[in-house]
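Engineer: One structure, pasted below without further comment.
The values are calculated or read from the model by the stated rules, or taken from the named source; none is laboratory data. These numbers come from a predicted model, not from an experiment. A quick note on method: Cβ atoms are made from the backbone with ideal geometry, for glycine too, and the neighbour counts reach across all protein chains shown. Side chains are part of the model used for accessible areas, which takes the heavy atoms of the whole protein and leaves out ligands, DNA and RNA. Shrake-Rupley method; radii C 1.70, N 1.55, O 1.52, S 1.80 Å.
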Amino acid sequence: MASLYDWIDERTGVKRISRAILDEPIRGGARFAYVFGSGLVFLFLLQAATGIFLTMYYVPSADHAHASVAYIQKVVPMGSIIRGLHSYGASAMIIILVAHLVQTYLFGAYKQRRELLWIVGIIMLLIVLGFAFTGYLLPWDQEAYFGTKVGTSVAGEVPVVGEVMQRILLGGHDLTTLTLSRFFVTHIFLLPLALLLLVVLHLYFFRRAGAAGPYHHRDDAKVEPFYPYQLFKDMLFIFIVFLVLLILAVKFPARLGPQADPTSDYLARPPWYFLPLFQLLKYFPGKLALIPTVGLPMVLFGLLFLLPFIDRRPERHPLRRPIAVSALALALGGSVALGALSKYQDATHPEFSAKLRAQEEEARAFMKASFVPQEIGRSIPVNPPIVKNPPVVGSRVLKIYFANCANCHGADAMGGPMAPALVKLAKHWRLTKSFLVDYLLGHTREPAPGSMPRFKQLMPEDREAIAEWLLALDKPIRAMEPEAPAVAAATPSAKAIEPKKRTTTLGGPRAIYRSHGAPLEQPAFPPPPAAFTAHCAFCHGPRGEGNIGPRLISITEKPNRRPEDLLKLLTDPRAYGLKDPMPARFPQLSDEDRRQIVEWLSKLK
Amino acid sequence: MNQEQKVSPSPRRKPETSKIEQGTSSAQAIRNIAPRRSFLGLMIGLMTASIAGVMGVLFAGFSLFPAFKKLSVERDWTDVAPVDDIPDGEPVKRAVVISQDGGWGRFNTQQLVWIVKNGDHLVVYSAICPHLGCTINATDSGFICPCHGSAWARDGRKLGGPTPRGMDTLEHRVKDGLLQVRYRFFRQGVPDKHVIA
Ligand code: FES
C-alpha cells in the first residue's frame, strides 16, 4: 500500500501537493466561524452531482420539460430525493453564502490586501443568484413559468437597455421553449464553468493572502494546521448540512405544480430570497418601481464591490466599526422584515390568501396524482381511434356539457390545455348559482382575447342547469370504460372491408387511421398559419375540421363568406349575424394575421 | 508593541515571514498531538464516506433504473393493412405503428415488417436483422441484410451470412378484413428467438 503510494508520488508529487493543501496554518486556531467556505464548496459539488444526474431524464423543451420532471419526481427511484437535494441545496447555498459573507464582513477579513478575494466572492454571489434564477424556470410548472415571467419583465424595466436585455434573456419577445433552452444551457454549462473558475481564483487569492484569523488578539500565538483541526470542523458542518438537506428532501419532497398554463390567472410569488425586493416593489408605484428593482440592487452591489476600498482602516474588531456593522444589521434586518411582511400581507389578504391556498392545493393534488406519460406522435393512432366524448344518454346536463364545455374543460371536467378543471371549482370558491349563470353570459366580465367566450346561445334553463350541476360537481366525470370504445372501433374496421371505397379524404381521424399502414402517403396538407392555430383552432379544430365551432372546410364557397367577407367578418362577426360563443371581435389579430388566415381558408377544400 | 505590528502590518512588510514561522510551529504542534489528530482524521473519513455512500446509492438507483425495469409486454394488436390489398407472391414492406415506453412519454413510432402472402398462407416478418439490427431488404428471390450480407429465403430460412437464425416471424391475425400483427423486438445475435420487448 505504502509502496504504491510512493510509486504514485514519484510520478505525480501528490505528497507535496497534499501537504501544501492540508498543512495550511490557521492563524488563531480552527474555528466554527470559518466553516462556511468549505460548506459552499461542498454544496457546489452536491449541486453539480445532483444536477448532472437530473439531466439524465430532464428534457429542456417547453413541451416535455414538465413531464420529464414529473417522471423524475414520481417514477424514477430516488428521483424525488435527488431533486429535493438539488432544490433545497440551492436555498442552502444562498443561506450559507450570506453567512460566509457576513462572517467575512464582521471579522473585517476583506481588509489587508484581500480586495480581490472579496470582489471575486461578490461576483460568485451574483453567479449563485443567476443559478437560482435560471434553475427556477426549468421544471416549467405554473410557479416556474409565472415567476420567470415576472422576473424577466423586471429586467425589461431597466431604462434604455431594458428591452434589449429582456429579449436577450428570453431569446425572443416571449417566454417560449427558446427561453427554456437558454436558461438550461446557462444553468448547466455557462454558470458552472464561470463559478468553477472563480472558485479556483478565490481559493488561490485566499491561500496567497493567508487566513485572516480572528479580529481580536487573544489567540495570536496559537496556530493550528488546517488538517485535521479546521477540516474536522468543516466536515462536521458539511455533514450536518447534508443530513438536514437529506431529511428535508425525504420528508418534504420538492414541490412540482401542474404544468405551466399561460392562460391561467396564476398568482406569481417569487422564491423566498427575492421576497424583500418584491415587497419593496409595492411601495414604489409606476416609474418609481425602478428604485427597488434596479436602483437598489445596483447601489447595494456597487457598495459591496467597493467595500474594501471604501473602508480602508485597518481596524477589524466589529465593535470598533459601528457604521459598518450597523449598515449590515440594517440591510439584513430590513430584508428579513420585508420578506416577513410580504408573507404576512399575503396571509392576511382575503383574496390573495385564498388564491395562494388554492394554488398550493393544486400543486399538492398534482404531486399526489399518479404519473401519466405523455403521448408522443399521437397523430398516428396505435389502436382504432377512441371516440372521446361518448354520447351520454339520459343526462341532459352532460349533453350540454359535452357540446359546449368539454372541449376546453376536458371530457372528465379535470381541465385541458386551455381551461381549468371544473371539479370542485364552484365549491372551493363558494360561487353562487347566479354568479355562474352571469359568468356564462359574460355579464360579469369582458371576455379578454383567448379567455372563455360568452355562452349566450344556451337556453336560459340550460344555463341554470349547468350552473346547478357545477355547484355539485365534486369528482371527475367518470372516465370511459375500456370496453366502451370497442363499439366505436368496430365502425372503422367494418368500413375497411370495402377497400374499393377507401378514399383518402382529409380530416376525420378515420382517414388517418385507414391509411396508417403507410402514413407517409398522406396527401400534403397546407399548414395552417400560426394565427389560426393560436386563435381559431381552439373552436374550429386544428385543421378547420370543426369542433364546438363549425367546420371551415370549403367555407369560402358558402354565400356571404367570400375571402373579402371573411376579412371583414374577423373584425366584426356580429355584423355577419354570428352569435356567441364566437367572440365579438379579435382585436389581437393583426391585418397580416387576418390575411394569412383567410388565404389559408380559401385553400382549404 | 510587537503585537501591534502583527495586527496591522505596514503594507511594505512581507506576510511570508510570519507564514514560515507559523509553518514550523504548526509542525511542532502536530508532533505533540498525534493521537488526537488521527482520531479527527478518522472522523473526517467516516463522515466523507457516509456522504459519498448515501449519494452513491441514490445515484445508482436513479441512473440504473431503466436498465432493470420490469418489462411490460403489451398485448396490442397493431393494424397493418386490409388483407385484400396485399399483393400475392412478392414480399411487401409495411410500416406498423408501435407504442414504446419512453419513460416520461409513450412514443408512437413506426417499425417495418415484411409480409409474404401466398394465397391463404401469410407470414409477417420483423424487418430487423437478427444479427446486429440493420433493416432487411427484399431481393428477387428472398431477403438480404445489406450490413454484413446475411441472406434468407422467401420463407425466412437462413441461407448464409453472419445471421444466427432465420428471419423473425411475428404473430398475426385477420380481423374484419384487416391484417393485424403483434409487434415484438427480439434479442439479436443468438440462435434462438427471444422476445425482449
Ligand atoms: S446486421 Fe444484418 S447482417 Fe449484420
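Engineer: So which of B:109, B:169, B:78 ends up being open to solvent by less than 20 Å² (accessible area, probe 1.4 Å), more than 13 Å from the ligand (Cβ to nearest atom) and β-branched (Val, Ile, Thr)?
Structural biologist: It is B:78.
Engineer: I've got another one for you. Determine, yes or no, whether residue A:143 is among the acidic types (Asp, Glu), open to solvent by 30 Å² or more (accessible area, probe 1.4 Å) and in contact (Cβ under 8 Å) with a residue 24 or more places away in the chain.
Structural biologist: On the way: among the acidic types (Asp, Glu): yes; open to solvent by 30 Å² or more (accessible area, probe 1.4 Å): yes; in contact (Cβ under 8 Å) with a residue 24 or more places away in the chain: yes.
Spelling it out, residue A:143 is indeed among the acidic types (Asp, Glu), open to solvent by 30 Å² or more (accessible area, probe 1.4 Å) and in contact (Cβ under 8 Å) with a residue 24 or more places away in the chain.
Engineer: What single numbered condition from (1) in contact with a His (Cβ under 8 Å, 6 or more places away or on another chain); (2) within 11 Å of the ligand (Cβ to nearest atom) fails to hold for residue B:122?
Structural biologist: (2)
The rows are residues; the columns are (1) modelled with pLDDT of 80 or more; (2) of a type in the set (Lys, Arg).
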site	(1), (2)
A:432	yes, no
A:471	yes, no
A:487	no, no
A:492	no, no
A:495	no, yes
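Engineer: While we're here: When you go through B:163, B:135 one by one, which is the residue that is within 14 Å of the ligand (Cβ to nearest atom), modelled with pLDDT of 90 or more and open to solvent by 40 Å² or more (accessible area, probe 1.4 Å)?
Structural biologist: Unique residue meeting the criteria: B:135.
Engineer: Can you tell which of A:170, A:243, A:190 is open to solvent by 80 Å² or more (accessible area, probe 1.4 Å) and free of Cβ contacts under 8 Å to residues at least 60 places away in the same chain?
Structural biologist: Exactly one residue qualifies, and that residue is A:190.
Engineer: Only one of these is within 15 Å of the ligand (Cβ to nearest atom), over 30 Å from residue B:65 (Cα atoms) and open to solvent by 50 Å² or more (accessible area, probe 1.4 Å): B:93, B:158. Name it.
Structural biologist: Values: B:93 fails: within 15 Å of the ligand (Cβ to nearest atom).
Among B:93, B:158, only B:158 is within 15 Å of the ligand (Cβ to nearest atom), over 30 Å from residue B:65 (Cα atoms) and open to solvent by 50 Å² or more (accessible area, probe 1.4 Å).
Engineer: Only residues that are at pLDDT 90 or above and over 21 Å from the mean Cα position of the chain (by Cα): list them for the range A:354-380, please.
Structural biologist: Once the filter is applied, which keeps residues that are at pLDDT 90 or above and over 21 Å from the mean Cα position of the chain (by Cα), the range A:354-380 yields only A:354.
Engineer: Quick one: would you say residue A:28 is within 13 Å of chain B (Cβ to nearest Cβ), small (Gly, Ala, Ser) and out of contact with any helix residue (DSSP H, G or I) (no Cβ under 6 Å at 6 or more places or on another chain)?
Structural biologist: Spelling it out, residue A:28 is indeed within 13 Å of chain B (Cβ to nearest Cβ), small (Gly, Ala, Ser) and out of contact with any helix residue (DSSP H, G or I) (no Cβ under 6 Å at 6 or more places or on another chain).
Engineer: Quick one: residue A:80 ticks every box in (1) in contact with a Lys or Arg (Cβ under 9 Å, 6 or more places away or on another chain); (2) free of Cβ contacts under 8 Å to residues at least 60 places away in the same chain except a single one, so which number is it?
Structural biologist: Only one criterion is unmet by residue A:80, namely (2).
Engineer: Among the residues of the range A:334-373, how many are under 18 Å from residue A:280 (Cβ atoms) and open to solvent by 40 Å² or more (accessible area, probe 1.4 Å)? I'd like the intermediate steps shown before the answer.
Structural biologist: First pass over the range A:334-373, keeping only residues under 18 Å from residue A:280 (Cβ atoms): A:334-346, A:349, A:352.
Filter once more, keeping what is open to solvent by 40 Å² or more (accessible area, probe 1.4 Å): A:335-337, A:340-341, A:343-345, A:349, A:352.
Adding up the residues that qualify gives 10.
Engineer: Taking strands (runs of 3 or more DSSP E) that do not extend beyond the range B:73-132, which have at least 1 residues that are among the charged types (D, E, K, R)?
Structural biologist: Result: B:78-82, B:92-101, B:105-118.
Engineer: Being in a helix (DSSP H, G or I), modelled with pLDDT of 80 or more, open to solvent by 40 Å² or more (accessible area, probe 1.4 Å) and within 30 Å of residue B:171 (Cβ to Cβ) is true for just one of B:67, B:52. Which residue is that?
Structural biologist: Working: B:52 fails: within 30 Å of residue B:171 (Cβ to Cβ).
The conditions single out B:67.
Engineer: Filter the range B:138-152 down to the residues that are open to solvent by less than 20 Å² (accessible area, probe 1.4 Å) and small (Gly, Ala, Ser), then identify the one that is nearest to the ligand (Cβ to nearest atom). Walk me through it before giving the result.
Structural biologist: Within the range B:138-152, the first condition is being open to solvent by less than 20 Å² (accessible area, probe 1.4 Å), and the residues that meet it are B:142-143, B:145, B:150, B:152.
From what is left, the residues that are small (Gly, Ala, Ser) are B:142, B:150.
Values: B:142: 14, B:150: 4 Å.
Residue satisfying both the conditions and the ranking: B:150.
Engineer: While we're on this one: Report yes if residue B:175 is more than 29 Å from the chain's Cα centre (by Cα) and either open to solvent by 60 Å² or more (accessible area, probe 1.4 Å) or within 15 Å of the ligand (Cβ to nearest atom) (or both), otherwise no.
Structural biologist: When the stated conditions are applied, residue B:175 passes them.
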